[in-house]
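Right, one structure below, let's go through it.
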Amino acid sequence: MKNKVIGDSVPRWDARAKVCGRADYTADIPVKNALHGKIVRAGIAHGRVLCLDIEDALRVPGVVKILTPADLPKTKFATAGHPYSLEPGGDVYDKNILTDYVRLYGDEIAAVIAETPLAAAVAAEKVVARYEELPFYLTTEEAMADGAVELHEGVKNNILADTTASVGDVEQGFAQADHIFESEYQTQIVQHCHMENQAAVAYQDADGRWTCISSTQIPHICRRILGEALEMPWSKFRVIKPFIGGGFGNKQDVIIEPLVVAMSMAVGGRAVRLELEGEEVLAYTRVRHAIRYRSKVGVTKDGRITAWQMDAVSKTGAYASHGHSIAAKGAGILSTLYEIPNMIYRSRTVLTNTGNAGAMRGYGVPQITFAIEAMTEKICSALNMDSFEFRLKNFKKEGAPHPLNGIPMATNKVADCLTQGKAAFGWDGKMAAALGDKGGIIRRGLGVAAFSYATAVYPYSLEIAGCRLTMNQDGTVKMMVGATEIGQGSDTGLIQIAAETLGVPAEMVYAEAVTDTDIAPFDTGCYASRQIYVTGMAVAKAAQELKDKICRAAEQFYKISSQVLDIEDAYIINTTTGDRVASLGDLALYTYYDKARARTLTAEVSNNCHNNSYPMGVTFAEVEVDTQTGVVTLLSMLNAHDSGVIINPLLAEGQVEGGMGMGVGFALGEDLFYDTKTGAPLNNNLLDYKIPTAMDVPELGVLFVQPVDPYGPFGAKGLGEPPLCSPAAAIRNAVCQALGFEIDSLPLTPGKVFAAIAAHRSGGEANV
Amino acid sequence: MYDFNSYTEAHSIDEAVRALGGNPNARVIAGGTDVLIKLRSRDEAFVGRDLEGITRIPGLAGVSVDTQGDITIGAATSFSQIENDETITRCLASLGTAAGSIGGPQIRNVGTIGGNLANGATSADTAAVLLTYNASLVIHDSSGSHEMPACEFHTGPGKVRLEQGQLLTAVKIARADYEGYRGSYIKFAVRQAMDIATLGCAVLVKMDGNVIEDLRIAFGVAGPTPLRAAAAERFAKGKVPSGKILEQLGRICLEDTKARDSWRAAKAFREQLITVLPQRAISQALGGDGNA
Amino acid sequence: MRKAINVEVNGKAHEMFVDERLSLLELLRDELQLTGTKQGCGVGECGACAVLVDGKAVDSCIYLAVWADSRKVTTIEGIAATDGTLSDIQESFVESGAIQCGFCTPGLVIAATALLDQQPEPSRAQIRRGLSGNLCRCTGYSKIIDAVENVAKTRNGG
């Protein structure tokens, strides 16, 4: 088969609609006669609601109803967008739609339904809660201390989970080492900051069921969770996802949908809209886990790792959300980046009265990569060993089995990413300039960091995806998937996979902006960089099935054996003669309208994936540090990725650049703060929470090393999350190289870098 | 929908002053880039008030120079207008820099210099610069108008010397306060745009040969209000601005500042900036690269 | 209280009687169904709601609807020609891969339109500054800056 569409920079199918303002997001969809909801949020960080006075609020003109916990089901549900598990020990069911036990400042204690958004906001302000306050814990240390109040009954010391994964025998490994290194690293709370806030609208449909239009990454999972939260059969709900203005994992949790459906139920099925404000999204949806790592590493004098012991304490905030899976994932990351004969990785996930941590692009990997690669540089610098030599010596080898689950890393080109990226970045020249610049106020430094990732969630969880292809009357093809396009470009990539398999140009395959659980095939949705990989497999299989059907139909209508038929450029080809037999359009007319033999052609595949492939990569960063002000200026940055075969280079570059941009924020500016006196978030708005502007991101370099992965469709591996895994670590390493000492926490804000410089100069503790 | 009580739009200064004076519930709104944000966060100072719009008052926006060479900037002049105004660029370059450092293009198109001053923030970028120009503020009320030195305007965080019924209508800078001077403004913030100053530093310097004849230094966020560094200014007079002198001068600035700890920045860090930024601003004003 | 205003939106004159507490964004989205303009942060930080008022970009979420009285407003729906032909900036956004989730795109097209009107030959640094009032979390800005730079080059005959 000739490869015509894979590897082409096909423009996104929805680009024209988006650039004209014609793409409809949740808030753009007209719904008749809708009411407006507003969440009443707690004004304390931990305690019980003793009474809720809603009388004044009810008197606000336009208020229709106010919901309190008493009005809603008592059953707890889990918000994480994980596939349902038939085995015990899955998600933690710890959330009520509204609560009378407050676990974080801003927890949801009541909800107003009103005729206008303003009336709802005014009324929400007038709801008065009286509390019995309990001590609140902003740090994991406080929450784990003996005697600390349990945030959730039965969670001892607020430790949600405490697990250990190991390979070999670390004590033996340390005994074999010539050098032992120990250090501690800390990451901060950051937030997704998708530009479209969470928004949903719910109403009762003609058949009596409940429709919820929502900006969700996981429509099919959302439907199940609605059933669980509202104690009704899952089929009573229909979830519709229109265009989405970004999610980055935050919309992989079911946060507002149960409430908005409950609101509609409370007003007899009339539509209710609930749109969060930016401040609510930042503080009260989901955040990234702040994680503290302790590492102890044994290394031989020629630079081989003999043992790595790592201890992670992860702050999950007020509810479990994704639970322990993010902290626990680190074991696989550490052991697939480097060949570590003896490893022990302990992780604890701890509840605190802070923003609820959930999935965020990279799923814990940006955090652990920071810790791993900071330690790696510490070792290189102590052994006086080249950063590249050490990494090349210790990288996990291609083909080696995953040490914890046994799946072979069929392709792994991290070493090529390192060497090719080094050249493309111009490392040697930049390093010469940096080394010649150590005396002044402004100092240059270079940093490198590598990462390992996994595509999708097999073997830890279900990996299922569906695709339905229908040939239209003119020979074009409609593609329906349950996967969720949230801006990353997966729909366009899937179009390319379908088109390539079918033998038609990309513009003959139509995607669908809307994912509707009543219509779209079952698929668990957008997370784990899985869609091109797992859904791509389903699309490729469906396309192959449709192609076979087309050839068999052509045999029937054109009397040529389907064995010799193929499709090229949307024509059915006789491969023995090379002649065009008919266009797909001509054939389609027969399949639709031939009185005797018409059978419309459809293929539907549900694919259960039993593989995993490993995207790898490296970031290179060049910085200038102003030693008087602590300002870090990022001069240049390059990401080199092994994500297998790149389906669409232009869109793939965009993914990488976007991840790098988020990495800049994670490294240099973003940090969600809490008031230690009240537990209230301090900077939950886009002025005080500093995501990068166009002036804060440097020119970005992108390089792809493209092995053909034997498992992924057309050799592709995941790419959505990997770009964000290593930038912060590389930037940190560059800053430390510029300064000549280590800073072991993020973000590297001017204030922190200056304080570290001052401490270092006064001979104090260099590590901050 | 914003939760104010009413909105009226004045067509003259007199009309605005009458509306403000006759109604204790009335509040001024200019570009709205502060007022509307406060309303949205349900700030009691604005919720339920009667807003008086002033941006369409003829003559309230724009920059003019009188026959003496004194410059008047209307209170409703937007940051974009200031940044791109030929007179400002020629005579008050550091004010243009400050205006250009605010928000992003959309905010600068709407936000006004009067609003930047009247909301009383110590971080107001134009306020520190105006202190170096010894600007005076024109304030109208029912009894007419009077002028007030800009240095007397800010009285505390979010507080300015404006009574109910008074309207800030213009900023004036005398020719003697800019002619022969060179100024610069450094906004220190975490981001390059859309940010609030961690510290703002404005300087204005007049040289006599290689000696400093006059120097003015003002800071934003170095205390509860924008403030001048009088001791450092005195110290500089008559000195050659060598690296060593500037270093000394930076430290002397601390005598007049009152930086404090906040979650945005530690006091020690702000004080470091207070000693470093004037050195850089002076170098910049004198034509260097600022990395003194 | 309601006020009568005359506002021209995308070339069409509207005589409207609007609640004076309404933002221009609400006027456009709720009264005129011009939903291409997005509500993002609501506080003038993200630029998703940017529109042109008399040719200047403003954040319509913090701009009162009554301020548009006697003015010309251009929204994203008014950027393409009436026959649907994209403007050169829109075309370049599509071709350069500047669009991902698309939520910030209308505001960025507006900001880029205003920028190139005022600064026909911007450097990349000037493009960054001209777009600095519009946050994008998907792209890292690279391809957006490429898109605007490509238009400027083409317009200037290069």
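The values are calculated or read from the model by the stated rules, or taken from the named source; none is laboratory data. All values reported here derive from a predicted model rather than from experimental measurement. Cβ atoms come from the backbone with ideal geometry, glycine included; neighbour counts cover every protein chain shown.
Scanning the range C:1-30 for residues that are more than 11 Å from every other protein chain (Cβ to nearest Cβ), more than 21 Å from C:Asp83 (Cα to Cα) and under 18 Å from the mean Cα position of the chain (by Cα) yields one hit, C:Val7.
Kindly evaluate B:Gln284 against the criterion of being within 11 Å of another protein chain (Cβ to nearest Cβ), crowded, with 17+ Cβ neighbours inside 10 Å and part of a helix (DSSP H, G or I). No. C:Thr82 meets the conditions (1) polar (S, T, N, Q); (2) out of contact with any Asp or Glu (no Cβ under 9 Å at 6 or more places or on another chain); (3) outside any helix (DSSP H, G or I); (4) within 11 Å of chain A (Cβ to nearest Cβ) in every case but one. The failed one is (4).
The residue that is farthest from B:Arg228 (Cα to Cα), among those in the range B:150-163 that are in contact with a strand residue (DSSP E or B) (Cβ under 9 Å, 6 or more places away or on another chain) and surrounded by 12 or more Cβ atoms within 10 Å (Cβ to Cβ), is B:Leu162. Could you say whether any residue in the range A:751-768 is buried (at least 24 other Cβ atoms within 10 Å of the Cβ), out of contact with any Gly (no Cβ under 6 Å at 6 or more places or on another chain) and more than 30 Å from A:Tyr614 (Cα to Cα)? Within the range A:751-768, one or more residues are buried (at least 24 other Cβ atoms within 10 Å of the Cβ), out of contact with any Gly (no Cβ under 6 Å at 6 or more places or on another chain) and more than 30 Å from A:Tyr614 (Cα to Cα). Can you name the residue in the range C:106-129 that is facing chain A (nearest Cβ under 9 Å) and more than 13 Å from C:Val51 (Cα to Cα) and is also surrounded by the most Cβ atoms within 10 Å (Cβ to Cβ) among such residues? Once the filter is applied, the top-ranked residue is C:Ile127.
Taking C:Val58 as the residue in question, decide whether it is under 14 Å from C:Leu108 (Cα atoms) and either assigned to a strand (DSSP E or B) or assigned by TED's automatic domain parsing to the domain that holds C:Gly102 (or both). Answer is yes for this residue. Of all residues in the range A:284-299, those that are in contact (Cβ under 8 Å) with a residue 60 or more places away in the chain have Cβ atoms under 6 Å from Cβ atoms of residues that are β-branched (Val, Ile, Thr) and in a strand (DSSP E or B), 6 or more apart or on another chain, in A:Arg292/A:Val313; A:Gly298/A:Ile180; A:Gly298/A:Thr306; A:Val299/A:Ile305.
Give the residues of the range B:85-138 that are more than 14 Å from chain C (Cβ to nearest Cβ), touching a Lys or Arg at 6+ places or on another chain (Cβ under 8 Å), free of Cβ contacts under 8 Å to residues at least 60 places away in the same chain and polar (S, T, N, Q), sorted by residue number. Result: B:Ser136, single match. For A:Gly654, state whether it is surrounded by 24 or more Cβ atoms within 10 Å (Cβ to Cβ), within 10 Å of chain C (Cβ to nearest Cβ) and either modelled with pLDDT under 95 or touching a helix residue (DSSP H, G or I) at 6+ places or on another chain (Cβ under 7 Å) (or both). The answer is yes for A:Gly654. Within the span defined as the range C:16-33, one or more residues are part of a loop (DSSP other than H, G, I, E, B), of a type outside the set (Val, Ile, Thr), modelled with pLDDT of 95 or more and within 28 Å of A:Asp14 (Cβ to Cβ). Of the residues making up the range A:594-619, those that are within 18 Å of A:Gly720 (Cβ to Cβ) and among the small types (Gly, Ala, Ser) are A:Ser613, A:Gly617. With respect to C:Lys38, is the statement that it is among the basic types (Lys, Arg), within 14 Å of chain A (Cβ to nearest Cβ) and more than 19 Å from B:Arg56 (Cα to Cα) true? Yes; evaluated as a whole, the condition is true for this residue.
Restricting the search to the range A:1-48, which residues are buried (at least 22 other Cβ atoms within 10 Å of the Cβ), in a loop (DSSP other than H, G, I, E, B) and more than 13 Å from every other protein chain (Cβ to nearest Cβ)? Within the range A:1-48, A:Val5, A:Ala42, A:Ile44, A:Ala45, A:His46 meet the criteria.
Could you check the range A:499-558 and list, in sequence order, the residues that are at positive phi and surrounded by fewer than 24 Cβ atoms within 10 Å (Cβ to Cβ)? Within the range A:499-558, just A:Gly503 meets the criteria.
Of the residues making up the range C:87-101, none is within 16 Å of A:Gln655 (Cβ to Cβ) and within 14 Å of chain B (Cβ to nearest Cβ). Screening C:Gln100 on (1) of a type outside the set (Phe, Trp, Tyr); (2) assigned to a loop (DSSP other than H, G, I, E, B); (3) more than 25 Å from A:Gly720 (Cα to Cα) shows it passes everything except condition (3).
Out of A:Lys677, A:Lys717, report the one residue that is in contact with a helix residue (DSSP H, G or I) (Cβ under 7 Å, 6 or more places away or on another chain) and of a type in the set (Lys, Arg). The match here is A:Lys717. When each of A:Ala667, A:Ala728, A:Ala755, A:Ala738 is tested for being away from chain B (no Cβ under 11 Å) and more than 23 Å from the chain's Cα centre (by Cα), the lone residue that passes is A:Ala738. Among the conditions (1) without any contact (Cβ under 8 Å) to a residue 12 or more places away in the chain; (2) touching a Ser or Thr at 6+ places or on another chain (Cβ under 9 Å); (3) assigned to a helix (DSSP H, G or I), C:Gln126 misses just one, which is (2).
Candidates B:Ala193, B:Ala259, B:Ala236: the one that is within 14 Å of chain C (Cβ to nearest Cβ), buried (at least 21 other Cβ atoms within 10 Å of the Cβ) and not polar (S, T, N, Q) is B:Ala193. Only a single criterion out of (1) of a type outside the set (Gly, Ala, Ser); (2) assigned to a loop (DSSP other than H, G, I, E, B); (3) over 23 Å from the mean Cα position of the chain (by Cα) is not satisfied by A:Ile691, namely (3).
Inside the range A:430-476, residues that are more than 21 Å from A:Ile743 (Cβ to Cβ) and either of a type in the set (Gly, Ala, Ser) or without any contact (Cβ under 8 Å) to a residue 24 or more places away in the chain (or both) make up a count of 10. Residues that are over 30 Å from A:Asn733 (Cβ atoms), at least 1 per element: which helices (runs of 4 or more DSSP H) completely within the range A:404-504 meet that? Filter on the range A:404-504 gives A:490-502.
Each row is one residue, and each column tells you yes or no for (1) in the same structural domain as C:Leu28 (by TED's automatic domain parsing); (2) of a type in the set (Val, Ile, Thr); (3) in contact (Cβ under 8 Å) with a residue 40 or more places away in the chain; (4) not in a loop (DSSP other than H, G, I, E, B).
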position: C:Ser92; (1), (2), (3), (4): no, no, yes, yes
position: C:Leu116; (1), (2), (3), (4): no, no, no, yes
position: C:Leu135; (1), (2), (3), (4): no, no, yes, no
position: C:Ile145; (1), (2), (3), (4): no, yes, no, yes
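Inspection of the range A:125-132 identifies no residue that is in the same structural domain as A:Ala57 (by TED's automatic domain parsing), in contact with a Lys or Arg (Cβ under 9 Å, 6 or more places away or on another chain) and assigned to a loop (DSSP other than H, G, I, E, B). Screening C:Ile76 with (1) crowded, with 18+ Cβ neighbours inside 10 Å; (2) more than 8 Å from chain A (Cβ to nearest Cβ); (3) within 14 Å of the chain's Cα centre (by Cα) gives one miss only, at (2).
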